[in-house]
1. Any idea how many residues of the stretch 15-46 are charged (D, E, K, R), closer than 19 Å to Ala76 by Cα and either at pLDDT 95 or above or within 14 Å of the chain's Cα centre (by Cα) (or both)?
2. Which count do you get for residues in the stretch 39-91 that are in a helix (DSSP H, G or I), surrounded by 16 or more Cβ atoms within 10 Å (Cβ to Cβ) and of a type outside the set (Gly, Ala, Ser)?
3. Taking only pairs six or more apart or across chains, which ones have beta-carbon atoms under 7 Å, a first residue in the stretch 64-86 that is more than 18 Å from Arg28 (Cβ to Cβ), and a second residue that is surrounded by 12 or more Cβ atoms within 10 Å (Cβ to Cβ) and of a type in the set (S, T, N, Q)?
4. What is the residue count in the stretch 12-27 for residues that are closer than 14 Å to Asp60 by Cα and surrounded by fewer than 14 Cβ atoms within 10 Å (Cβ to Cβ)?
5. Can you find, within the stretch 1-11, the residue that is nearest to Leu58 (Cα to Cα) among those that are charged (D, E, K, R) and part of a strand (DSSP E or B)?
6. Of a type in the set (A, V, I, L, M, F, W, C), farther than 19 Å from Gly91 by Cα, within 14 Å of the chain's Cα centre (by Cα) and surrounded by fewer than 18 Cβ atoms within 10 Å (Cβ to Cβ), is that true of Ala9?
7. Residues being of a type in the set (Lys, Arg) and either under 12 Å from Tyr12 (Cβ atoms) or without any contact (Cβ under 8 Å) to a residue 24 or more places away in the chain (or both): count how many of those fall in the stretch 30-63.
8. Among the residues of the stretch 1-50, how many are of a type in the set (D, E, K, R) and over 19 Å from Pro70 (Cβ atoms)?
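The values are calculated or read from the model by the stated rules, or taken from the named source; none is laboratory data. This one's a predicted model, so the numbers in the text were calculated from it and none came from an experiment. Every residue, glycine as well, gets a Cβ built from its backbone with ideal geometry; the counts of neighbours run over all protein chains shown.
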Amino acid sequence: MSIEITRTARSYAAYLDGTRVGELTYIRRAHEIVALHTEVGEAAEGKGIGGALARALLDDAREGGLKVVPQCPFVAGYLDRHSEYDDLRAG
């Protein structure tokens, strides 16, 4: 099982063995990334897809010196469970 994450100007897409199985949408502001919505296909649930999407967004935010506004409940929960990203939460 191989998870690949790609990024566009407004979303991260997850591919499992070459098939698109999830997406995390966001908005980029001057000093923030607003995580809007995470969706994973039913067949791919429980395979770490959502976590891989959240990590990609959070790691990119850290690399870019940005804060994260977790409007998406999944990303908010991920931040709550992963204290290594506490410094990224806006506000």
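1. The number of residues fulfilling the criteria is 4.
2. 12
3. Close Cβ pairs (under 7 Å, with a partner that is surrounded by 12 or more Cβ atoms within 10 Å (Cβ to Cβ) and of a type in the set (S, T, N, Q)) amount to Phe74/Thr38.
4. 1
5. Arg7
6. When the stated conditions are applied, Ala9 passes them.
7. Let us first name the residues in the stretch 30-63 that are of a type in the set (Lys, Arg), namely 47, 55, 62.
Cutting the leftovers down to either under 12 Å from Tyr12 (Cβ atoms) or without any contact (Cβ under 8 Å) to a residue 24 or more places away in the chain (or both) gives us 55.
Adding up the residues that qualify gives 1.
8. Residues in the stretch 1-50 being of a type in the set (D, E, K, R) and over 19 Å from Pro70 (Cβ atoms): 6 in total.
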